[in-house]
Amino acid sequence: MSKIITTNENLSRPKAHLYVLGCKVNQTEIYSMSSMLESFGFEVDHQSHHPALIFVNTCCVTDSAAGKSRRLIGRLTEKYPDSQIVVTGCLAEINPTMVQQVAPKATILGTYAKDHLMDILSGQNRDFNFLNSMPASSCSEFSPVWRPAPSFRSRAFLKVQDGCSHRCSYCIVPIARGPSRSLELGKAVENARFLVDAGYSEIALTGIHLGEYGRDLSPKKRLEDLVESILAGTSECRLRLSSIEPQEFSEGLLSLIEQNSRICKHFHIPAQSGDDEILKKMFRPYNTKLVAKLTEKILELAPDACIGMDVMVGFPGETDASFERTVSFIESTQCDYLHVFPFSPRQGTVAYGLPDRTPARLSHQRVKILRKLSDELRSIFYSKFIGRTLWALAECAGQTIEEYGKGLTGNYIPVKIKGLAKTHESKIVPVLIDGVKDNEAYGVLTHDAVLTN
């Protein structure tokens, strides 16, 4: 297997391209990779027509995601035949053969190898065969590779957890990512301070199974310990939590959410289904009653909170009645938006062999129904705030002061903002929401509000 080009090849500032597909964790990792490559003498420059190195961080959580990854690798191989292509991520772990078919000369790094990327780049470990012979299940500690790095985004993503130790019947991620492992608490706070010092006003905590944070540490920690420590160790930034399993909203975490205005009132819950029988088949460790109680509790503590849900449709055995129960459940929980996707059978999972698969055409019809419902729920949620002022992270200004810029409120409303200047970018500003049109919120920068958003 060919080695990765490093500055030892007598190249002057070789150029690198980086590409990423999939989840927020993958996206966060690519910033770390970019920072590492820069430190080893590369210049990350996507305008270069002759990159020495191309990095692709792949996804394979669904057939569609795997297909996108494969097609991207194929296009890059054709476009840059002389470049060294390095493929990492879940597809590289689960199906390296698929990568080799479209990129025979690519260097493929599975999960264990990716966690040792710094050693590879520095030349301390060039035994690719050994690294790639180690399965993701061998990953026992949070890798030091994943250091925080500034990105082009206005908000920062801080990876604090990786892997998953729960085996849902449909999910390939535990096999692709390995067991749950957490960033040590003190290091997480240190990394958060680094991002605040770099000028970020919002940090989003990310992980494959964020609610499992700290269970592998000694002594054990909890997600609320992490949140509380970062809040205490930083100032003048707000904290956003990525997806958290419904059974992992502890009383301590809910108490923090209620008491601290720096925690964004936006909560994404991977509910997956609104039918208890389907949840059992999915090996999900909760029922719809627990999710309903949780959403009720969140809104009791934070009435302006935005609640989103992951929903999978077309799981084996999902009947018309099952789907109708899911729709009714969603409508009853005061959910504000949905992330909807069809079941994708993944070889190596329990669900791959289950009978009574839902026909693809029917799954896609159900996806359309729920996405339409999601649009309606978003519009209703946005409209609740017309005439009110919310704090928004200013992401970019318009070309002139009269043009609309873009921002994101603490409760996850993307808003077009009039009055933003370049000096407002990456800062949290008060915005008067003055309208909703075509499922988009509009607002104007205001200076006379005192808020606790």
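Structure data summary
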quantity	calculated
Scan of segment 301-319 for residues that are surrounded by 22 or more Cβ atoms within 10 Å (Cβ to Cβ) and among the acidic types (D, E), ordered by number	E318
Filter result for A360 (modelled with pLDDT of 95 or more and either in contact with an Asp or Glu (Cβ under 9 Å, 6 or more places away or on another chain) or not hydroxyl-bearing (S, T, Y) (or both))	no
Residue selected from segment 166-187 under the condition without any contact (Cβ under 8 Å) to a residue 60 or more places away in the chain and under 19 Å from the mean Cα position of the chain (by Cα), by the criterion surrounded by the fewest Cβ atoms within 10 Å (Cβ to Cβ)	P179
Counted residues, segment 224-244 - those being open to solvent by less than 40 Å² (accessible area, probe 1.4 Å) and touching a residue at least 40 places away in the same chain (Cβ under 8 Å)	10
Cβ-Cβ under 8 Å pairs, at least 6 apart or on other chains, segment 354-378 side in contact (Cβ under 8 Å) with a residue 60 or more places away in the chain, far side assigned to a helix (DSSP H, G or I)	L354/K281
In segment 261-288, the residues that are closer than 16 Å to A351 by Cα and free of Cβ contacts under 8 Å to residues at least 12 places away in the same chain	L279, K280
The listed residue being in a helix (DSSP H, G or I), more than 20 Å from V61 (Cβ to Cβ), open to solvent by 10 Å² or more (accessible area, probe 1.4 Å) and touching a Leu at 6+ places or on another chain (Cβ under 7 Å), out of Q334, Q247	Q247
Test: residue in segment 375-383 that is open to solvent by 50 Å² or more (accessible area, probe 1.4 Å) and touching a Lys or Arg at 6+ places or on another chain (Cβ under 8 Å)	no
Single condition W391 does not satisfy, out of (1) under 22 Å from D375 (Cβ atoms); (2) within 28 Å of the chain's Cα centre (by Cα); (3) open to solvent by 20 Å² or more (accessible area, probe 1.4 Å)	(1)
Search result, residues across segment 137-187 that are among the β-branched types (V, I, T) and not in a loop (DSSP other than H, G, I, E, B)	V160, V173, I175
Set D304, D356, D310: member being assigned to a loop (DSSP other than H, G, I, E, B), of a type outside the set (K, R) and touching a Pro at 6+ places or on another chain (Cβ under 9 Å)	D356
Residue list for segment 133-155, restricted to those being over 24 Å from G41 (Cα atoms) and in contact (Cβ under 8 Å) with a residue 40 or more places away in the chain	P135, A136, S137, S138, C139, S140, E141, F142, S154, R155
Matching residues, segment 209-223, being of a type outside the set (A, V, I, L, M) and in a loop (DSSP other than H, G, I, E, B)	H209, Y213, G214, R215, D216, S218, P219, K220, K221, R222
Subset of segment 35-50 [touching a residue at least 24 places away in the same chain (Cβ under 8 Å) and closer than 19 Å to K79 by Cα]	V44, D45, H46, S48, H50
Whichever residue in segment 99-121 is of a type in the set (V, I, T) and not in a strand (DSSP E or B) and, among such residues, is modelled with the lowest pLDDT	I120
Qualifying residue in segment 320-343 (condition: touching a Lys or Arg at 6+ places or on another chain (Cβ under 8 Å), at pLDDT 95 or above and of a type in the set (S, T, Y))	yes
Only listed residue being over 18 Å from S243 (Cβ atoms), modelled with pLDDT of 95 or more and of a type in the set (D, E), chosen from E202, E212, E224, E184	E184
All strands (runs of 3 or more DSSP E) inside segment 403-448 with 2 or more residues being closer than 21 Å to D375 by Cα and open to solvent by 20 Å² or more (accessible area, probe 1.4 Å)	414-418, 428-437, 440-445
Segment 347-374, subset polar (S, T, N, Q) and open to solvent by 60 Å² or more (accessible area, probe 1.4 Å), residue nearest to K416 (Cα to Cα)	Q365
Positions within segment 188-208 being among the hydroxyl-bearing types (S, T, Y), assigned to a loop (DSSP other than H, G, I, E, B) and surrounded by 22 or more Cβ atoms within 10 Å (Cβ to Cβ), in sequence order	Y200
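The values are calculated or read from the model by the stated rules, or taken from the named source; none is laboratory data. Keep in mind it's a predicted model, so treat the numbers as computed, not measured. A quick note on method: Cβ atoms are made from the backbone with ideal geometry, for glycine too, and the neighbour counts reach across all protein chains shown. For accessibility, only protein heavy atoms count, side chains too; no ligands or nucleic acids. Shrake-Rupley method; radii C 1.70, N 1.55, O 1.52, S 1.80 Å.
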